[in-house]
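Since the structure comes first, as structure tokens, the remarks are kept for the end.
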Amino acid sequence: MLAIKDLSVEFMTDHKVKAVDRVSLNIRKGTNTTIIGETGSGKSVLILSILRLLPPSAKITGKVIFENSDLFQMSKKETELIRGRKISYIPQGSGNALNPLLIIGYQVAEPMIVHKMITKKQAPQRSIDLLKRFNLGNEERRIHDYPHTLSGGMKQRVLVAMGISAGAGLILADEPTKGLDKSRVFMVVDCFQQLKSETILCVTHDLDFAQVIGDYVAVMYAAQIVEYSKKDDFFSKPLHPYSEALINSMPENGLKALKGFAPPHDTYSYSGCRFFERCSFKSDRCRSDPPLVEFGIRQVRCWKYAD
Amino acid sequence: MLNKKTSLAPKMGMLILMFFVAVAIFAPIISPYDPNTITSPYLKPSREHFLGTNDIGQDIFSELIYGARLSLFIGFFSAFIVTLVGSVLGIVSGYYKGIVGRIIMGVTNIALVIPSLPLTIVLAAYMQASIWNIIIAICATSWAGTARIIRSRTLQIRELPFIKIEHALGVGNLQIMFAHILPNVLEVILIKGTLAVSSAMLTEAGLSFLGLSSSTAKSWGSILHYAFFRNGVLNNYWWWYMPPIICISLCVLGFMLLGYHGKGKNKTTNKMELT
Ligand SMILES: Nc1ncnc2c1ncn2[C@@H]1O[C@H](COP(=O)(O)OP(=O)(O)OP(=O)(O)O)[C@@H](O)[C@H]1O
Ligand SMILES: [Mg+2]
């Protein structure tokens, strides 16, 4: 459905920042893929670059093939037609993700209106139907409310409804559970489980969320994907030392925190494994770039599996 | 949240303005004479003429009542044009902050640094004396301030997450500017618009006082003009020059009260600042 090939994103600020470095990823139709990784690893930039939502200072190379056409070769007009209707984006619900001065019903229906799928008159009924699907509760009244009357979990559900409003088959979500407590997270999980026919690519910090939602897991570290695997394989037997550290840091596994920080961006041009400093399996060969080792569809970027 | 004290001021402003608007609308009913009818000149206030008559014998009280029409019309109309132009330019230049925005802002900055009073006077003097040219002269110089403020608000709002999301869902630029950004700057537009009415009325009074408006049009400024140039002030005929001054001052006060204290009416904007 979506094939990302050698995607790199560089920010042309005072000093170059390579936020995404030669990422390749295949998303199969109808499956859910989660991207996990620590802060600053380039997850949001990766998601935003797919829809070309980055500021002009971002230099993007590589290809993103969606339904047989390269998204990066499209004109502005074509991109606008794809956004919301074929591929859509669900942001995190905290903050001003919804326009504070417009009623919810309008915002949910707006993608349908701008893509000329319904008229303004049909908007209220369509947003009621959509919101009902996500159990917002009291939908007939809610559509006339302003966003500030909603709780964080409710906002997130409205955003999901907005995201699929114009019928997009591919949903990109960026940390939909951020800033929500555990019980609210369940509501969002519920929401995402409603999206059976849609294909989802979701960035998250929440490993539990990834475990429930995802079919596949991709781990990002310092702008690269270091491991890609089926969910069950990943959680039962992570391959990359960083993935292992992530899973060990889950509460049920003893909350063992990984020490140290990811290397700063200007060191990416040096060769060698980017996880070197923090790795407990490092050896001399890790000073040169690790190969991408494949086991079927499973991939890991580590010298450990090179032989 | 608003407390009772702050919400009294806009109510007062509203009351003053409603009074003048009513006077303007019902001028033919209220006014005792046609302001153009000529009787004896330089009469002092009396039963027949509350505020006496002017140099050519027109009833000053009637002039004052009819003057409300023109003064308010010029004020509202110029303010409408100024605010419309300023808002559109502000939103567009803030939204397209690239080349388009920079060109618009360049022109705006030039318009801002040109001293507007002399320019208005020069413009009004250069064109034929008529109320439409007065309106043009007022508009030509005062849209820039509104454009600047709206632009800076737009620059803030365009970076908010919900605008990014609109882009992500395929919503077009025009729709984003006028369905999403406009409601968020509407409050500023209304406040600037209210204040624009009062400043347009002041400018009109100034220009008419200088004799740059149509010589037959009756506005508060033109009453003052004749009071000054036909010896009304010299002889201290206070009933001639004081009433228009008081009317102008009251109107300006009304708009100020409404404009400066009328914010926060929109209940949702308070919430936005919290999040
Ligand atoms: N507009 C930008 N200009 C310059 N650098 C940017 C820009 N946006 C992101 N970056 C840089 O790109 C890198 C990756 O950022 P990104 O937001 O993708 O991280 P992330 O993995 O999403 O982190 P988090 O989990 O905290 O959201 C960061 O180092 C950031 O500083
Ligand atoms: Mg992020």
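Worth a mention:
- In the set B:L250, B:L224, only one residue is buried (at least 23 other Cβ atoms within 10 Å of the Cβ), in contact with a helix residue (DSSP H, G or I) (Cβ under 8 Å, 6 or more places away or on another chain) and among the hydrophobic types (A, V, I, L, M, F, W, C); that residue is B:L224.
- Checking B:F26, B:F20 one by one, the residue that is under 30 Å from B:H261 (Cβ atoms) and in contact (Cβ under 8 Å) with a residue 60 or more places away in the chain is B:F20 and no other.
- Complete set of residues in the stretch A:27-45 that are away from chain B (no Cβ under 14 Å) and either of a type in the set (A, V, I, L, M) or near ligand 1 (Cβ under 9 Å from one of its atoms) (or both): A:I27, A:I35, A:I36, A:G37, A:E38, A:T39, A:G40, A:S41, A:G42, A:K43
- The number of residues in the stretch A:93-113 being assigned to a loop (DSSP other than H, G, I, E, B) and touching a helix residue (DSSP H, G or I) at 6+ places or on another chain (Cβ under 7 Å) comes to 10.
- Scanning the stretch A:162-214 for residues that are within 13 Å of ligand 1 (Cβ to nearest atom) and surrounded by fewer than 16 Cβ atoms within 10 Å (Cβ to Cβ), we see that the one that is modelled with the highest pLDDT is A:H205.
- Residues of the stretch A:17-64 satisfying the condition of being more than 16 Å from ligand 2 (Cβ to nearest atom), within 20 Å of A:G84 (Cβ to Cβ) and open to solvent by 40 Å² or more (accessible area, probe 1.4 Å): A:K29, A:R52
- Taken over the stretch A:65-82, the criterion of being open to solvent by less than 30 Å² (accessible area, probe 1.4 Å) and within 12 Å of chain B (Cβ to nearest Cβ) is satisfied by A:T79, A:I82.
- Residue satisfying all of: in the stretch A:83-137; touching a residue at least 40 places away in the same chain (Cβ under 8 Å) and more than 26 Å from A:L53 (Cα to Cα); farthest from the other protein chains (Cβ to nearest Cβ) among these: A:N135
- Pairs where the first residue, in the stretch A:43-66, is among the β-branched types (V, I, T) and the second is away from ligand 2 (no atom under 16 Å from the Cβ) and part of a helix (DSSP H, G or I), C-beta under 7 Å, 6+ apart: A:I50/A:L71; A:I60/A:F72; A:V64/A:L71; A:V64/A:F72
- Restricting attention to the stretch A:1-16, the residues that are open to solvent by 30 Å² or more (accessible area, probe 1.4 Å) and over 23 Å from A:D215 (Cα atoms) add up to 7.
The values are calculated or read from the model by the stated rules, or taken from the named source; none is laboratory data. Fair warning: this is a prediction, and the values are worked out from it, not measured in the lab. Every residue, glycine among them, receives a Cβ derived from its backbone with ideal geometry; neighbour counts consider all protein chains shown. Ligands, DNA and RNA are stripped out before the accessible areas are found, and what is left, the full protein with its side chains, is counted by its heavy atoms. Shrake-Rupley method; radii C 1.70, N 1.55, O 1.52, S 1.80 Å.
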